[in-house]
Amino acid sequence: TIQDTELAAFYRELMQSEATHYTLFIKLARRLCTHEDVDARWNDFLEYEGKIIANYGTKEHIHG
């Protein structure tokens, strides 16, 4: 938990913005490809990122 309320608010806004980005990209992909193909690719990315996160460590980092 971040004790600095201003910094915590910034990270919350950043998280919400990033969530909007990924959903937009999935919607756009579904216009060009089948939902099954997009979902399969999305699940591949989730699995890959899960492995990275599991092996990354316990320190808080953003892009580094």
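How much accessible area per residue does the chain have, counting only protein heavy atoms and a probe of 1.4 Å, in square angstrom?
Accessible area per residue: 97 Å².
In nanometres, what is the gap between the two model label sites at residue 30 and residue 13, each 7 Å from Cα along Cα-to-Cβ?
Here the modelled spin labels are 2.9 nm apart.
Quick one: net charge around residue 6, please, counting Lys, Arg +1 and Asp, Glu -1 for every other residue with C-beta under 14 Å from its C-beta.
That sum, taken over residues with Cβ under 14 Å, equals -1.
Roughly to the nearest percent, how much of the accessible area of the chain is carbon and sulfur, given a 1.4 Å probe?
56 percent
(i) 1.48; (ii) 1.31; (iii) 1.43: which one is Cα Rg over 2.2 N^0.38 Å as calculated from this entry?
(iii)
The values are calculated or read from the model by the stated rules, or taken from the named source; none is laboratory data. Computed from a predicted structure; not experimentally measured. Cβ sites come from the backbone with ideal geometry, for glycine too, and all protein chains shown count toward neighbours. We work out accessible area using only protein heavy atoms, side chains counted, and drop any ligands, DNA or RNA first. Shrake-Rupley method; radii C 1.70, N 1.55, O 1.52, S 1.80 Å.
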